[in-house]
Amino acid sequence: MFKISESKRSFEENQQDVFYLADTCWSAFTNIRDEDWEYYLDYRKSQGFNILQVNMLQQWDASQSELNLKPFALKENGTFNFRIYNEAYFERAKKMFEMASAKGIRIALALLWANYVPNTWASQMPIKQLGVFPKDMVISYVDKVMSLYDVYQPIYIISGDTDFQTEEVIQDYYKAALDRVKENNSSALTTLHIRGREDELPRELRESPNLDFYMFQSGHNSEFQNMSYKLAEIFYQKNPQRPILNSEPCYEMMGYSRRIYGRFSREDVRKAAWQSILSGASAGVTYGAHGIWSWHDSRLGFDSSVGEAFESPYDWRDALRFEGAWDYAFVREFIEMYGFFDLIPAQKLLKNNTQEIRVARNANYILVYVPFNIRIELEGNFVSKKMIYLDLESKKTMQVRGEYQEQGNITSVSMHSFTRDALLIIEE
């Protein structure tokens, strides 16, 4: 069983610490053919992914699909009749759950995406909406979902990409759903997926004993990529203490939001992961490929004007093989190999004049993430310690020594010889 560790900073399964490594596949239930689902599962399994983040309902900004799979009956105006379930849709999703579970992959299931909830930024977008989910159906909807899928031990993501503008949103939708999940299964893991750059949760949700871990998202806006470490720092200080992860860093090859010219590279995506992890969000991380989350078929359309207005995705067959997924797989391998589940942010050690370089430590190691090559200066005397640089793209290593300056109590570590981002590992 996947559960919270005693430290309240990480997860464990079968009495072993485990890193939450998720892929973003929001549109799985509406867009993926059965044979493609199995191929996708096998490939991600081979890379070491143990979680898939999936939307229970239709993703509002998904790519077009020829499958015509809808969770509810349609009204004449094209919106959902939420009181009439499409049972075939939910039964098919059950088969997809079963296939994932058989391969040792757990689904983190988003229940109420923000566009289905009144008075959220997504439901207020001036686009064709699918309708507002009736609040008197929240409890029965949770019951239905859990009756079908709880046997596969999903993680329940109560909200999707949401903000919290009104008490109705907080109480009648998210808190009602959160509490009902725990009433049905007290062992089920729960969390909230919140809007990019959001750094606060309503007190009723944050203090609820029914909330198990924190998610934040640093997001896809090119101007705010520092949120990967800023939000990690903020959530690390929150009470009660819980595991923390960046559930939506920039997706590989995603166009910058608001149609700003450019796309996030493999290195950008890797940077977001390591900055988050060394700044307090060390329980896990979620990868995303632009073409997988929306399950894009290049023969069909994608509306780049919807939501955050991203440039067109890659075909899912190409996006599945983006190299950044292997970098995230290495993150899990590295954390689990060395048992880095007790990392503590240690930014005060860094004497370079930048926040982009991130520092964390435990009893045995100091880790320094170096996105751009520079001589590293750390407070303290570490010259007798073993030091190596790890190139995070090639995974090559090189040994290095430090020079101690007694005046100022600074250890200066020379530049590495790699051309990409690197991790400085100091063994204490």
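The values are calculated or read from the model by the stated rules, or taken from the named source; none is laboratory data. Here the structure is a predicted model, which is why all the values come from computation and not from measurement. Note that each Cβ is placed from the backbone with ideal geometry, even for glycine, and that neighbours are counted across all protein chains shown. Ligands, DNA and RNA are excluded from the accessible area calculation, which covers all protein heavy atoms including side chains. Shrake-Rupley method; radii C 1.70, N 1.55, O 1.52, S 1.80 Å.
For V368, indicate whether it is more than 25 Å from D23 (Cα to Cα), open to solvent by 20 Å² or more (accessible area, probe 1.4 Å) and hydrophobic (A, V, I, L, M, F, W, C). Considered against the rule, which asks whether it is more than 25 Å from D23 (Cα to Cα), open to solvent by 20 Å² or more (accessible area, probe 1.4 Å) and hydrophobic (A, V, I, L, M, F, W, C), V368 comes out as no. Pairs linking a residue in the range 136-149 that is more than 15 Å from Y116 (Cβ to Cβ) and at pLDDT 95 or above to a residue that is assigned to a helix (DSSP H, G or I) and polar (S, T, N, Q), with Cβ atoms under 9 Å and 6 or more positions apart or on different chains, are D143/N184; M146/N184; S147/N184.
Please verify whether S159 is touching an Asp or Glu at 6+ places or on another chain (Cβ under 7 Å), open to solvent by less than 50 Å² (accessible area, probe 1.4 Å) and in contact (Cβ under 8 Å) with a residue 12 or more places away in the chain, treating the condition exactly as stated.
Working: touching an Asp or Glu at 6+ places or on another chain (Cβ under 7 Å): no; open to solvent by less than 50 Å² (accessible area, probe 1.4 Å): yes; in contact (Cβ under 8 Å) with a residue 12 or more places away in the chain: yes.
Answer is no for this residue.
Of all residues in the range 398-428 being within 14 Å of V368 (Cβ to Cβ) and among the charged types (D, E, K, R), which is surrounded by the most Cβ atoms within 10 Å (Cβ to Cβ)? Checking each candidate, the answer is D421. Filtered by the rule that a residue be out of contact with any His (no Cβ under 8 Å at 6 or more places or on another chain) and open to solvent by less than 40 Å² (accessible area, probe 1.4 Å), the range 190-205 gives T190, T191, L192, H193, I194, L201, P202, L205. Counting only helices (runs of 4 or more DSSP H) that fall entirely inside the range 206-325 and contain at least 1 residues that are at pLDDT 95 or above, among the β-branched types (V, I, T) and open to solvent by less than 10 Å² (accessible area, probe 1.4 Å), the qualifying elements are 266-277. A search for C-beta distances below 6 Å between a residue of the range 222-240 that is touching a residue at least 60 places away in the same chain (Cβ under 8 Å) and any residue that is crowded, with 17+ Cβ neighbours inside 10 Å and of a type outside the set (G, A, S), counting only pairs 6+ apart in sequence or on different chains, returns Y229/Q275; Y229/R358. Could you list, in sequence order, the residues of the range 147-173 that are out of contact with any Phe, Trp or Tyr (no Cβ under 8 Å at 6 or more places or on another chain) and part of a helix (DSSP H, G or I)? The answer is S147, D150, V151, E167, E168, V169, Q171, D172.
Which of the residues spanning the range 164-188 are under 20 Å from the mean Cα position of the chain (by Cα) and open to solvent by less than 10 Å² (accessible area, probe 1.4 Å)?
So in the range 164-188, the residues under 20 Å from the mean Cα position of the chain (by Cα) come out as 164, 174, 178, 188.
Those that are under 20 Å from the mean Cα position of the chain (by Cα) and open to solvent by less than 10 Å² (accessible area, probe 1.4 Å): Y174, L178, A188.
Go through the range 337-360 residue by residue and tally those that are closer than 22 Å to E12 by Cβ and out of contact with any Gly (no Cβ under 9 Å at 6 or more places or on another chain).
Step one: of the range 337-360, the residues closer than 22 Å to E12 by Cβ are 337-345, 360.
After this cut, where a residue has to be out of contact with any Gly (no Cβ under 9 Å at 6 or more places or on another chain) as well, the list is 337-342.
Within the range 337-360, residues that are closer than 22 Å to E12 by Cβ and out of contact with any Gly (no Cβ under 9 Å at 6 or more places or on another chain) number 6.
For E252, state whether it is closer than 23 Å to S65 by Cβ and of a type in the set (D, E). Spell out how you get there, then give the answer.
Details: closer than 23 Å to S65 by Cβ: yes; of a type in the set (D, E): yes.
Criteria met by E252.
Scanning the range 73-108 for residues that are aromatic (F, W, Y) and either under 26 Å from E12 (Cα atoms) or out of contact with any Leu (no Cβ under 8 Å at 6 or more places or on another chain) (or both) returns F82, Y85, F97. Check whether at least one residue in the range 54-68 is in contact (Cβ under 8 Å) with a residue 12 or more places away in the chain and at positive phi, and report yes or no. No, that holds for no residue. For S186, the conditions (1) assigned to a loop (DSSP other than H, G, I, E, B); (2) farther than 16 Å from N210 by Cβ; (3) modelled with pLDDT of 95 or more all hold with the exception of (2).
Any idea which of K385, K395 is exposed (fewer than 14 other Cβ atoms within 10 Å of the Cβ), basic (K, R), closer than 27 Å to E333 by Cβ and at pLDDT 95 or above?
Numbers: K385 fails: exposed (fewer than 14 other Cβ atoms within 10 Å of the Cβ).
That would be K395, the only listed residue that is exposed (fewer than 14 other Cβ atoms within 10 Å of the Cβ), basic (K, R), closer than 27 Å to E333 by Cβ and at pLDDT 95 or above.
Taken residue by residue, the range 125-136 has at least one member that is buried (at least 18 other Cβ atoms within 10 Å of the Cβ) and outside any helix (DSSP H, G or I). Being surrounded by fewer than 12 Cβ atoms within 10 Å (Cβ to Cβ) and within 23 Å of L189 (Cα to Cα): is that true of A108 here? No.
Among the candidates N68, N14, N81, single out the residue that is over 24 Å from the mean Cα position of the chain (by Cα), among the polar types (S, T, N, Q) and open to solvent by 60 Å² or more (accessible area, probe 1.4 Å). Steps first, answer last, please.
Numbers: N14 fails: over 24 Å from the mean Cα position of the chain (by Cα); N81 fails: open to solvent by 60 Å² or more (accessible area, probe 1.4 Å).
Of N68, N14, N81, the one residue that is over 24 Å from the mean Cα position of the chain (by Cα), among the polar types (S, T, N, Q) and open to solvent by 60 Å² or more (accessible area, probe 1.4 Å) is N68.
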